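Student: Sharing a structure with you now.
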Amino acid sequence: MSRKTMLIAGVLAVTFGVGVVSATTTLTQKPKFNPFQAVEKVRTKDGLLNYKKENDGKLNNLKNQLAQEESVFVTITLTKTFNQNELEKFITDYNLKVQHVIARDIEKSTGLRGTSIMSPNKDGKISYDKLHEMINRNDAVFKGFIEIVADVPVAKLQSLETDKSVFLVDPSGDPHLVENPKKKYMHGVFWDLENKNMILEQ
């Protein structure tokens, strides 16, 4: 092999090697979090159920990969509205570190559905009085809590998933799966459950 041929072969080898490294790096990079990616998927009942199945798979992978004491960032959609006592018990039972809770309210004048969001204070407590004041200012009626955004211990995931009051545990915004440094949350699907008459009777 001539010196020129050897030089060309060396350049090709280096170029090919860089390409392999770049491809490997790309494959291992986590995608950026897109909280609106589920919108199209849940427009139909079948789509909603398939989305639930998809997220059940994500949870199984996380349970297999993470230690029991680690946590997963999730959006929990309930199958029915919770009152304050039910919500507090639920948070305690599953050792949730709550980012915020979402409540359903109904406008008195129009009957339209609304949502109110409340984050815990510095002590980790939810100010229910402030929540009701906010709802009253909007001339609405409080119906109950419908979704919870929180960190849940891996050790609690299995029982949380199978709780009859839970429709979906969505880990789509979890930092183990996506780039989400600001911990933006995935939107719950309670509205979709209502639209498809899939809410459990109180």
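The values are calculated or read from the model by the stated rules, or taken from the named source; none is laboratory data. Keep in mind that this is a model prediction, so the values were computed, not measured. So basically every Cβ, Gly included, is an ideal-geometry build from the backbone, and we count neighbours across all protein chains shown. Remember, those area values only see protein heavy atoms, side chains included, never the ligands or the DNA or RNA. Shrake-Rupley method; radii C 1.70, N 1.55, O 1.52, S 1.80 Å.
Student: P(r) for the stretch 65-202, please, calculated from all Cα pair distances in 5 Å bins and given in %.
Tutor: It works out to 2, 10, 19, 22, 21, 14, 7, 3, 1, 0, 0, in whole percents.
Student: How much accessible area does His176 have with a 1.4 Å probe, in Å² rounded to the nearest 10?
Tutor: So the heavy atoms of His176 present about 80 Å² to solvent.
Student: Roughly how many percent of the accessible protein surface of the stretch 120-202 is carbon and sulfur, given a 1.4 Å probe and a whole-percent answer? Kindly include the intermediate steps, with their values, before the conclusion.
Tutor: Working: 2200 of 4540 Å².
Here carbon and sulfur together make up 49 percent of the probe-accessible area.
Student: Setting aside same-chain residues fewer than 8 positions from Lys108, which lysines have a Cα under 16 Å from its Cα?
Tutor: Within reach: Lys143.
Student: Still on this structure, please answer the following. Identify the trypsin sites (Lys or Arg not before Pro) of the stretch 120-202 meeting these criteria: DSSP loop state and at most 10 other C-beta atoms within 10 Å of the C-beta. Before the final figure, lay out each step's value.
Tutor: Working: sites: Lys122, Lys125, Lys130, Arg137, Lys143, Lys156, Lys164, Lys182, Lys183, Lys184, Lys196; in loops: Lys122, Lys125, Lys164, Lys182, Lys183, Lys184, Lys196.
Within the stretch 120-202, the qualifying trypsin sites (Lys or Arg not before Pro) (loop, at most 10 other Cβ atoms within 10 Å) are Lys122, Lys125, Lys164, Lys182.
Student: Which of the GluC sites (Glu not before Pro) found in the stretch 32-84 are in a DSSP loop and have at most 14 neighbouring Cβ atoms, other than their own, within 10 Å?
Tutor: Numbers: sites: Glu40, Glu54, Glu69, Glu70; in loops: Glu69, Glu70.
Hits after loop and neighbour filter: Glu69, Glu70.
Student: Can you give the log10 of the normalised intensity I(q)/I(0) at q = 0.31 Å⁻¹, computed with Debye over equal Cα scatterers of the stretch 133-191?
Tutor: -1.36
Student: Further question on the same structure: Tell me, what is the per residue accessible area of the stretch 59-202 in Å², probe radius 1.4 Å?
Tutor: Numbers: 7640 Å² over 144 residues.
So the stretch 59-202 comes to 53 Å² accessible per residue, rounded to a whole number.
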